[in-house]
Amino acid sequence: MDGKKEHLLLLLLFIMMIFLMFFSLYLGRYHVGFSSILKILLGRAMSNGDVSLNEVAIVLRIRLPRILSALLVGSALSVSGAALQGLFKNPLVSPYILGVSSGSGFGAALAILLSLSPFLVQVSALSFGILAVSLSIVIGRSDKGNRTLSLVLAGIIVGSTFTALISLVKYVADPMDKLPAIVFWLMGSLGSVTYHEISLILLPTAGGMLLIFLLRWKLNILAMGEEEAHALGMNPSFARGIVILSASMMTASAVSISGIIGWVGLVIPHISRILFGPDYRKMVPASIILGASYLLLMDDISRSLISIEIPLGILTAIVGAPIFAYLLKARRTVWA
């Protein structure tokens, strides 16, 4: 695919994402017409009496923050997965490889057990997610051999430890009150996200995404190996550290408001690679757009498919696992 076709495809994907955002504002059990939505978004809802206060509240206070959070979380997880897959040269790497999900899950479970406010639950999840990544990096650096392999093994160790701590918290939690809240949070949902929670993660998520976007051409060099990177005058250790920290910060931020939502950071980078090839200069923006659109679509399905909301973590696994299996079988040469 030549450059013009790739740019056109990126533009079409972006237009598709905008259309999906507008359709998501329309989708819901309480009907709000397209014209009313447009007036509300343009700030003209109160200029005449054809838009009710209930419609304004539903669009601006319920649906819009949920849509924005889906776009933010989906793009963060997908671009983190794409960057880490190239960094570790492994198609099975996900954003949770360094124990972020387990650390954030333990932080949230502990906060819920202690009856802390929803805001402090988010802060605790974010803090423990960052702690898990920090521990993985410290443990991984203690091995002077293969640093990449050591970092992955350290992530497995830290993740398993925090998973055991989550089980401990669930074991001592009140089965009538705290335990259901912990389990539901761990399954992933965007139903209760507010503008305040979005603002808390906006800076680290946007900052990490910007850094990976600016370093996307260096990911091409890192994917070739350390010797090639040194030969081209690049400091691979520094670049690798920036990418890992950016991806981990984005992932911890996303998990802190959404819970654990799997497969987004595993499947979307593969789809981006099939559409645009292994060049990270195109893969990174494609992963951002596709990840945001994919999670927004999954969230629409989760809240409209049946009478009760399906947890996002369950839905993304049900949909993502077969897609990933098909991609691995049909595109065996992608990573060759």
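The values are calculated or read from the model by the stated rules, or taken from the named source; none is laboratory data. Bear in mind the structure is a predicted one, so any value in this text is a computation, not a measurement. Every residue, glycine as well, gets a Cβ built from its backbone with ideal geometry; the counts of neighbours run over all protein chains shown.
Which one of P204, P236 is at pLDDT 90 or above and more than 15 Å from V121 (Cα to Cα)? Of P204, P236, the one residue that is at pLDDT 90 or above and more than 15 Å from V121 (Cα to Cα) is P204.
Condition first: under 30 Å from A286 (Cβ atoms) and buried (at least 16 other Cβ atoms within 10 Å of the Cβ). Can you find one or more residues in region 163-184 that meet it? So far as region 163-184 goes, no, none of its residues is under 30 Å from A286 (Cβ atoms) and buried (at least 16 other Cβ atoms within 10 Å of the Cβ).
Against the condition among the aliphatic types (A, V, I, L, M), under 16 Å from I212 (Cβ atoms) and assigned to a helix (DSSP H, G or I), how does I271 come out, does it pass? No; evaluated as a whole, the condition is false for this residue.
Inspect all residues belonging to region 274-283 and state whether any of them is among the β-branched types (V, I, T) and crowded, with 20+ Cβ neighbours inside 10 Å. Checked against the condition, which is being among the β-branched types (V, I, T) and crowded, with 20+ Cβ neighbours inside 10 Å, region 274-283 yields no hits at all. Within this structure, S253 passes the test of being out of contact with any Lys or Arg (no Cβ under 7 Å at 6 or more places or on another chain), polar (S, T, N, Q) and touching a residue at least 40 places away in the same chain (Cβ under 8 Å).
Count of region 108-151 residues, restricted to those that are touching a residue at least 24 places away in the same chain (Cβ under 8 Å) and within 23 Å of V73 (Cα to Cα), is 18. Residues in region 301-320 that are crowded, with 19+ Cβ neighbours inside 10 Å, assigned to a helix (DSSP H, G or I) and not hydroxyl-bearing (S, T, Y): 5 in all.
Any residue that is in a helix (DSSP H, G or I), over 26 Å from L266 (Cβ atoms) and not hydrophobic (A, V, I, L, M, F, W, C) - is there at least one of those in region 41-49?
Within region 41-49, the subset in a helix (DSSP H, G or I) is 41.
Keeping just the survivors that are over 26 Å from L266 (Cβ atoms) gives 41.
Imposing the further condition that a residue be not hydrophobic (A, V, I, L, M, F, W, C) reduces the set to none.
No, region 41-49 contains no residue that is in a helix (DSSP H, G or I), over 26 Å from L266 (Cβ atoms) and not hydrophobic (A, V, I, L, M, F, W, C).
Please count how many residues of region 22-36 are assigned to a helix (DSSP H, G or I) and in contact with a Ser or Thr (Cβ under 9 Å, 6 or more places away or on another chain).
Start the filter on region 22-36 by keeping residues that are assigned to a helix (DSSP H, G or I), which leaves 22-26, 34-36.
The next check asks that each one be in contact with a Ser or Thr (Cβ under 9 Å, 6 or more places away or on another chain); those that pass are 36.
Adding up the residues that qualify gives 1.
Here G262 fits the description: surrounded by 20 or more Cβ atoms within 10 Å (Cβ to Cβ), of a type outside the set (V, I, T), touching a residue at least 12 places away in the same chain (Cβ under 8 Å) and not in a helix (DSSP H, G or I).
Per the listing R61, R66, the residue uniquely under 20 Å from S302 (Cα atoms) and without any contact (Cβ under 8 Å) to a residue 24 or more places away in the chain is R61.
Out of L20, L38, L10, which single residue is touching a Leu at 6+ places or on another chain (Cβ under 6 Å) and more than 20 Å from I201 (Cβ to Cβ)? Steps first, please.
Details: L38 fails: touching a Leu at 6+ places or on another chain (Cβ under 6 Å); L10 fails: touching a Leu at 6+ places or on another chain (Cβ under 6 Å).
Result: L20 is the single residue among L20, L38, L10 that is touching a Leu at 6+ places or on another chain (Cβ under 6 Å) and more than 20 Å from I201 (Cβ to Cβ).
Quick grid of which residues meet (1) at pLDDT below 95; (2) among the hydroxyl-bearing types (S, T, Y); (3) under 30 Å from Y26 (Cα atoms):
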position	(1), (2), (3)
R61	yes, no, yes
Q85	yes, no, no
P95	yes, no, no
S127	yes, yes, no
N146	yes, no, no
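Just one residue in the set A76, A108, A83 is touching a Phe, Trp or Tyr at 6+ places or on another chain (Cβ under 7 Å) and crowded, with 20+ Cβ neighbours inside 10 Å; that residue is A108. If I filter region 224-243 for residues that are within 20 Å of M298 (Cβ to Cβ) and either assigned to a helix (DSSP H, G or I) or within 16 Å of the chain's Cα centre (by Cα) (or both), do I get at least one hit? Within region 224-243 (the criterion being within 20 Å of M298 (Cβ to Cβ) and either assigned to a helix (DSSP H, G or I) or within 16 Å of the chain's Cα centre (by Cα) (or both)), the answer is no, since none of the residues qualifies.
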